[in-house]
């Protein structure tokens, strides 16, 4: 059991850390989110089908990020850390900073949809499953989030970043 879990973590840790970072916008918090998600996953490893382990961990990351954002809103604490250079796909450092600020400004649920749909390249159905909501909710949240990003960054910038998300 430990060997299988260790192999899973070794194979998917970088991708999962990227999801965590994009979900919360802070490098240190992303590491904490991933650690929390992996702890919860390990505790349930014998009940998780190994082909669904990654979506399970993504869901734990997103749920933990949303919970932390809610707690932070209650406490009124907003982190303002610089993103790591390798996370955002934009080549221009100023654009990277602006993009991450725009992502941080989105509500947690909309940010989660954008991260899973466009950075992780999940389908609407996979995103809905990860967030435990309907595909319609994913569509509406993505639409609202993209409208906010376009308003903040401009249509061409947002479309270019989405096109280049996996470049």
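The values are calculated or read from the model by the stated rules, or taken from the named source; none is laboratory data. None of these values were measured; they are calculated from a predicted model. Note: ideal-geometry Cβ built from the backbone for every residue, glycine included; neighbour counts use all protein chains shown.
Below are the figures for this structure:
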quantity: Answer residue from region 68-87, given it is exposed (fewer than 12 other Cβ atoms within 10 Å of the Cβ) and part of a helix (DSSP H, G or I) and is modelled with the highest pLDDT among those; calculated: 70
quantity: Test for residue 52: is it at pLDDT 85 or above, closer than 18 Å to residue 12 by Cβ, out of contact with any helix residue (DSSP H, G or I) (no Cβ under 8 Å at 6 or more places or on another chain) and part of a helix (DSSP H, G or I); calculated: yes
quantity: Spans of helices (runs of 4 or more DSSP H) in region 88-167 with at least 1 residues surrounded by 14 or more Cβ atoms within 10 Å (Cβ to Cβ) and modelled with pLDDT of 90 or more; calculated: 108-114, 124-131, 135-153
quantity: All positions within region 1-37 that are surrounded by 14 or more Cβ atoms within 10 Å (Cβ to Cβ) and more than 21 Å from residue 113 (Cα to Cα); calculated: 5, 8, 9
quantity: So residue 26, is it within 14 Å of residue 5 (Cα to Cα) and out of contact with any strand residue (DSSP E or B) (no Cβ under 7 Å at 6 or more places or on another chain); calculated: no
